[in-house]
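Read the structure below first, then the notes.
The values are calculated or read from the model by the stated rules, or taken from the named source; none is laboratory data. Everything quoted here is computed from the prediction, not taken from an experiment. Cβ: placed from backbone, ideal geometry, glycine included. Neighbour counts: every protein chain shown.
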Amino acid sequence: MRDSEKNIRGFTLLEVMVAVGLLAFAMVAILGTVSYNINLAGKANDNMIAMSLADEMASRIDAEGLPSASQKSGRFENHPDFQWYVSVTPFNLSQFKARMNLVSIIITWDEEEESYEITFVHL
């Protein structure tokens with residue numbers, strides 16, 4: 001070997017393979033985290049929609065009065081993936097002279113895998 005060939009330095013194939021392996025492992029971890037965060041953001045958005053729809057239903061019940069049936073259900077026109085259930089149960093205590101009803105509103109989505117519920121007393 002000549003003197004000029006002895007001074008040439010570089011990476012061995014093993015070093016390059018280890019570096020590529022570490023880079024691939026890091027990229028998989030980063031992509032997994034990004035995917036998880038996107039999924040979490042979607043769930044948070046669905047929960048916000050469900051809360052808003054439940055509040056809308058409660059306001060409608062307050063304005064229009066209780067439904068005639070003790071249980072009703074339906075879908076929202078502007079959010080067809082969301083379904084609602086309203087349940088009205090008489091709730092009278094002897095010490096109160098007023099007639100009260102316990103109203104439960106359940107909003108479901110993702111084929112009823114996820115749900116949000118509010119319950120309140122209506123006089």
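Yes or no: residue 120 closer than 16 Å to residue 65 by Cβ, loosely packed, with under 13 Cβ neighbours inside 10 Å and not hydroxyl-bearing (Ser, Thr, Tyr)?
Judged against the criteria, residue 120 is a match.
Given the criteria of a type outside the set (A, V, I, L, M), modelled with pLDDT of 90 or more and surrounded by 13 or more Cβ atoms within 10 Å (Cβ to Cβ), does residue 115 qualify?
yes
Is there any pair linking a residue in the stretch 105-123 that is assigned to a loop (DSSP other than H, G, I, E, B) to one that is surrounded by 13 or more Cβ atoms within 10 Å (Cβ to Cβ) and of a type in the set (Asp, Glu), with Cβ under 9 Å and at least six apart or on different chains, and which?
So the pair list comes out as 110/46.
For the stretch 55-71, enumerate the residues that are touching a strand residue (DSSP E or B) at 6+ places or on another chain (Cβ under 6 Å) and either free of Cβ contacts under 8 Å to residues at least 12 places away in the same chain or exposed (fewer than 13 other Cβ atoms within 10 Å of the Cβ) (or both).
70, 71
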